[in-house]
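Structure first, commentary second.
Coordinate-derived values only; no laboratory data. Predicted, not measured: the structure shown is a model, and the values here were computed from it. Cβ atoms come from the backbone with ideal geometry, glycine included; neighbour counts cover every protein chain shown.
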Amino acid sequence: MADWVHIVIRAFSALVILFVLTRILGKKQISQLTFFEYVIGITLGDLAGVISTDVESNFMHGVIAILVWCLVPFILELLTLKSKTLRTWFEGKGTVLIKDGKVLEENLKKERYTGDELLEQLRTKSVFRVADVEFAMLESSGDLSVLLKSESQPLTPKHLGMKLGTEKPTQTVIMDGVIQKEPLAAAGKGMGWLQTELDKLGVTKENVFLGHVDTNGELTVDLYDDKLQVPQPRERPALLATLKKCEADLELYSLTTKHPDAKKMYQDSSVVMTKVIQDLHTLLRS
C-alpha cells in the first residue's frame, strides 16, 4: 500500500476516534477550557497528528495512548462532580479583582494581571470606569465577571415599573425557502396562517432565506433578493391607535351627554381604557 494512502487511512481513523471521544467528554472541551482541559486538548491533538503521519509507528499504540488521555479526564470529571475539593484543585477558583469600586492590587499580582489587562477586560464588558464597578471576579476560565454599581446599571422595565409579557423563543419557520414544520407548530401557527402572512408581505416562500415568528406572533423575513423592500408589520400600532380612539370617544361621550348615569359610565369606562393603554403601550407601540 502506498504511503499516502496509508496516511489518509490513519488520519481519517484518528479523526473519527477524536470526534467520538470529544463527544463523550462533552461540550466543555470546545467551550471554556480549564487549564487541565487545555493541556489535554493539546496533547490529544499532538497524538492524533503523530499517529496520522508517522507510518512507521504502531497505530494501535497511538490509539491506546489517546484512549488513556481521554479516559483519565473523563473519570476525573465524574469525581469532581461529587467533590468540591477536587473541583478547586483541578479547575481552580475565581479571584476577586475589584471590590466596592476598589482594585485589589495584591490579587492582581497573584494572578499576574496588569492594570492595562484589567482595563482591557473591563472595556470588553462596555465598562470604561473602575469607579462604576461594584464587584469584578476573574473566573477560573479566564473570563472576567463584572457587577456594576446600582446607579451605573442600565435601566430595565422593572426599574420603570413596567410590566412586560412573557418572552417566548423566536421560531425559525422558513429556512432556505423551505417551511420548517416543527418550529411552525412550536410557534402555535399553521400552514394556512403562514401563507396568509407571506401574501400580506407580497413574497413567496421560495424567495425567503430566513423567516421568523417572534414572541408576539409576527412573521419577519429575510429575502434572497435584498433589493426588495418588505413592509413592516403594522397590526400592533394599528391596535394601539384604535384603543386611543376608543379612549377619546369615551371622553367625548362623557362630555356631551346630559344624563348623569351615562356620564359616569362613560367616565369610568374611559379610566379603564386609559389603564389598558398604559399597560399595553410598550408592547403595542413598536
- Task: Could you calculate the FRET efficiency of ILE9 with ASP143 from 1/(1 + (r/R0)^6), where r is the beta carbon distance between them and R0 is 45 Å, rounded to 0.05?
- Result: 0.65
- In region 108-187, which chymotrypsin sites (Phe, Trp or Tyr not before Pro) fall in coil by DSSP and have 14 or fewer other Cβ atoms within 10 Å? PHE128
- Message: Are there any chymotrypsin sites (Phe, Trp or Tyr not before Pro) in region 170-241 that are in a DSSP loop and have at most 16 other Cβ atoms within 10 Å? List them by number.
- Response: TYR224
- Förster radius 45 Å - calculated FRET efficiency between PHE59 and GLN180 (Cβ-Cβ, nearest 0.05): 0.55
- Message: If the reach is capped at under 24 angstrom between alpha carbons, list the lysines near LYS181, excluding any in the same chain fewer than eight residues apart.
- Response: LYS168, LYS189, LYS200, LYS205
- Note on the structure: The answer for GluC sites (Glu not before Pro) in region 177-222 that fall in a DSSP coil and have at most 16 neighbouring Cβ atoms within 10 Å is GLU218
- Label-to-label distance, nm, for residues given as GLU106 and ARG236 (7 Å Cα→Cβ offset): 5.2
- Taking LYS99 as the anchor, which lysines have their alpha carbon closer than 23 Å to its alpha carbon, excluding any fewer than eight residues away along the same chain? LYS109, LYS110, LYS125, LYS149
